[in-house]
Amino acid sequence: MVTDHRKQPRRRGETLNAAIFQAVLAELAEVGYAGMTMERVAERARTGKASLYRRWSSRMQLAMEAVYHAMPDPSRPEETGSLRGDLLALLRRNAELLAGPAGEALRGLLSEVLADQSRMAELRRLSHGSGRRAMAEVVRRAVERGEVDASAVTARRLEAGQAMLRHQFLSHGVPIPDEAVVEIVDEVLVPLLLSPPAATAGATGSR
């Protein structure tokens, strides 16, 4: 039996958006990104398909916004009091997210857009750079505490941990073992952030 949404209580704004996002995450968990459709999301959210298309022009845009809406605020990552502790907390949280609907969406989205550069650019735009912003905040705190020299903070170093976690996820699936997270932090990120930037290291070695 098809639900007549016109007879349902009318919802607007954030209330309707929240119901739609919840429906997206439930669909991702149940049928995966490949099986998720605007029609299924609308039915689960008890709204009309037109309500979705007025807000999101594509399934990709809707899935990305729902996933990032569910993620913690990247400007306020967990604070443990040490660089290593903060890095472990951040990557463990991201590993947990990748094991759920967010990871299912990411895997499906990548398989759909990798061959299309314009859609890949759209996916990067929709990602909001939240992983890098969270990492930047963790490192900023470490600089304030005197654990990290500000000159050692570069764009590539901020991207390294998240890139390695994504590689682990895409290559080996989920769940991501905690030992893999610890190895990324202890063998790569901490040594990288505690060493001088490449240009400085080269200049020092040439003296």
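The values are calculated or read from the model by the stated rules, or taken from the named source; none is laboratory data. Note that the coordinates shown come from a computational prediction; the quantities given were computed from them, not determined experimentally. Cβ sites come from the backbone with ideal geometry, for glycine too, and all protein chains shown count toward neighbours. For accessibility, only protein heavy atoms count, side chains too; no ligands or nucleic acids. Shrake-Rupley method; radii C 1.70, N 1.55, O 1.52, S 1.80 Å.
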State which residue is modelled with the highest pLDDT when the search covers only region 153-178 and only residues that are open to solvent by 80 Å² or more (accessible area, probe 1.4 Å) and within 15 Å of Glu96 (Cβ to Cβ).
Pro175
Determine if region 119-129 includes at least one residue that is of a type in the set (D, E, K, R), closer than 23 Å to Pro177 by Cα and out of contact with any Pro (no Cβ under 6 Å at 6 or more places or on another chain).
no
Residue, modelled with the highest pLDDT, within region 189-207, restricted to residues that are open to solvent by 70 Å² or more (accessible area, probe 1.4 Å) and assigned to a helix (DSSP H, G or I):
Leu194
(1) open to solvent by 40 Å² or more (accessible area, probe 1.4 Å); (2) over 18 Å from Met36 (Cβ atoms); (3) modelled with pLDDT under 95: which one isn't true of Ser130, the others all being true?
(1)
Cβ-Cβ under 9 Å pairs, at least 6 apart or on other chains, region 146-173 side closer than 12 Å to Val185 by Cα and β-branched (Val, Ile, Thr), far side open to solvent by less than 30 Å² (accessible area, probe 1.4 Å) and modelled with pLDDT of 95 or more:
none
What helices (runs of 4 or more DSSP H) completely inside region 11-90 contain at least 2 residues that are open to solvent by 60 Å² or more (accessible area, probe 1.4 Å) and among the small types (Gly, Ala, Ser)?
13-35
Which residue pairs have Cβ atoms under 9 Å apart, sit 6 or more places apart or on different chains, and have a first residue in region 21-33 that is within 17 Å of Lys49 (Cα to Cα) and in contact (Cβ under 8 Å) with a residue 12 or more places away in the chain and a second that is among the polar types (S, T, N, Q) and not in a helix (DSSP H, G or I)?
Ala23/Thr47; Glu27/Thr37
